[in-house]
1. Grab every C-alpha pair in the protein assembly as shown, bin the distances at 20 angstrom width from 0 up to the longest one, and report whole percents.
2. Residue by residue, what Karplus-based ³J(HN,Hα) values in Hz, rounded to whole numbers, does segment A:149-165 have, using 6.51, -1.76 and 1.60 with θ = phi - 60° and x for Gly and Pro?
3. Contact order normalised by length for segment A:8-68, with contacts defined as Cα pairs under 8 Å and 6 or more residues apart; what percent is it?
4. Once you keep just the Cα pairs under 8 angstrom separated by 6 or more residues, what percentage relative contact order results for segment A:235-314?
5. Expressed as a rounded percentage, what relative contact order does segment B:243-289 have, with Cα pairs under 8 Å and six or more residues apart?
6. With only Lys, Arg, Asp and Glu charged, each at its Cβ (+1 for the first two, -1 for the last two), find how big the charge dipole of the protein assembly as shown is about the Cα centre; round to the nearest 20 debye.
7. Tell me which aspartates and glutamates have Cα within less than 12 Å of residue A:76's Cα, excluding those fewer than 8 residues away on the same chain?
8. Give the shape of chain B as rounded, prolate or oblate, defined through the alpha-carbon gyration tensor: a ≥ b ≥ c are the square roots of its eigenvalues, a/c under 1.5 means rounded, and otherwise the shape is prolate if a/b is larger than b/c and oblate if not.
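Only the coordinates and a few stated rules stand behind these numbers; no lab work does. Since the model is a prediction, treat every value here as computed from it, not as a measurement. No Cβ is skipped: glycine too gets one built from the backbone with ideal geometry, and neighbour counts run over all protein chains shown.
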Amino acid sequence: MTAALGQSARSVLACGEVRTCLLPSFQALDGRAAAQLLRLRADEHVRVSERPTMYALSPEVLTGVDCRLPTSNGSKVRAVGTVIARAALTEGRLLQSTAYFSAPAAGPDTRRPWGQYLVRPGLVEPFGKLPQQATVEGVLRGAGRGELDLGTIAEGLLTQLRRHALLDRRVPFKSRPTHLRWVARRQPEGERASLTNFTVAEGGLRTMELRLPEDVPAAAAAGLCEDLALHDWLLTTVQQMLDNSRIGAADGPSVVEALHPVVVHLLHLWMPRAHVDAALGHLWDVLEEKPGFSRQWEKLSRRIRDRLALQAVTMPHQAFSPR
Amino acid sequence: MLIFAASDKGGTGRSVTSANLAYHRALAGDDVCYLDFDFGSPTAVAVFDVADAREAAEDRGLHAYLIGEVSEPERIDVWAKTEHQVLRDPPPGCGRLVLMPGDVSGGEFATTDDNLRRCVDLLMKLYHEFDLVIVDLSAGRSYAVDMALEATAQPEMSELTARWLVFHRWTRQHVAAAASLVFGRRGIVAGGVHRGHDEEALRGAIRFVRAAVPDPESPLWSQVSPTQSAWMRKTDGDLKQLASTAGIGYSQVLGSVPLEPVLQWREQLITDEDVLDSQIANQETWTALSRLAARLTDDKYWEEA
């Protein structure tokens, strides 16, 4: 029995969803305030690191689930277990929440007492065999009604945090949240983790597929995905602000006004793989190669600085004077 | 900014006019989200011509969200999903135009704490994402109006700028009904104060929009007999007098939309093509909508009278 349990607990798949948004606070939070915000549990501390960027990670909270898995082929597989949710705040400015779980290749055909699920946090066991490919596609496509919806859990946590009394609920500029859905297939220990797919879809959706060695915990994959989601949000948001017609066609102080929030709140946030597990850091190289995240960021920041410089040259007196 | 669109009765053109305002603002470069809170009879899907997208979304609209059946209401990207030929090619530089549809099967429902919580969360989130959030409320003193008043009265919403447009037609009954909807004993102001709104602030955030107003000077009526013409002018003057007495006179009006067959019959967005190419819609209507759209955020029109 023990052996059977041990066998079934080994996961073949990890899935998650990250939501990224601007913290609804006019001022960025400092480390202490960040720790206060992310204190989701009284019994565990918030991890705050100040170097190389200010980054706070909440303790994990569990959500018990007993529902169908999202599947692309319509097969109805009931699954029971717990989903882990956690939140992170970067530089007191960007708020993220992640919900993720791991699944074994097969599970028992009956539901067991809760205690047995609780001792394996973050594991969701299917009734019978896990339809791996269909689940991967189902998770990436998004859950239907009545299916295990990671987005709901992540969004629920985000909503809870947005309501926190610490926040003044004012934003320095308007921005669009993004969500990244990810799946990681397990592969034998010792092989190198790899990134097999990253897509940018409409409506702020991104999807990502990974291969993850068995010895790398799912939390590390969640951390990598949070890091990617954060930088993708930065690129998307700044690009959108630059594309906005009012900046493109604008002239005079309105350019300064429009670019001001980018300079004050966003430009310094670029710091890829600052908090990514060492076993996964190299996956960034793939994205740096193509499409070239940092190259694009370089280009965007240069464009902004050039615009501002041009403004200062053409109108040295008005450009930066208070209006 | 949050804009709530209310009306005294059905048939005032509230939905179609506010949808056109959303369209104009998006054309001008704003990111706009339009919420169909007309729970009894959601019409925005028809106005934006996104029936297929609505079909694909099943019943995951605002109604299902507010009663807690889905975690997020469906969003429809109007530029991408509309079946309207002209809207499919928005000009460069325009902002996003997103519709959150109601549910076909959803009716009116009472405001519970949970519904209210979800409503506040949603409005807050959209406020931080979009330049303009337009909420189309069911006609009359409906649950949707109650929920909007209740939501905006919550302390965490105090930082948000919310404004109210009350649409009414240019007739004796409608003028009286609109005044009563706002200032009556069970009106919006009284209901808002009851929920914790500051009366002065709430009054200052409400403006009226006169819809389907026949302009006696318009070339449309140039062929009528002198008697008719004189009568029209007199009636128009009487109505102005009546509106003024009822407290919804000139200073409380954000703008008027002329009587426009295209708005009345087709209930769709009026595009520049309708005005310039096919010329089925009047230039005056386009100008009026454009003016009204600009005034939504022009503080000059929202100062104390």
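1. The calculated distribution, bin by bin, is 18, 47, 28, 7, 1.
2. 3J(HN,Hα) across segment A:149-165, in whole Hz: 10, 5, x, 5, 5, 5, 5, x, 5, 4, 4, 4, 5, 4, 7, 4, 5.
3. 24
4. About 41 percent, as a whole number.
5. Computed over segment B:243-289, the figure is 34 percent.
6. 760
7. The reachable aspartates and glutamates, counting only those whose Cα sits under 12 Å from residue A:76, are A:147.
8. Oblate shape, in that a/c is at least 1.5 and b/c is the bigger or equal ratio.
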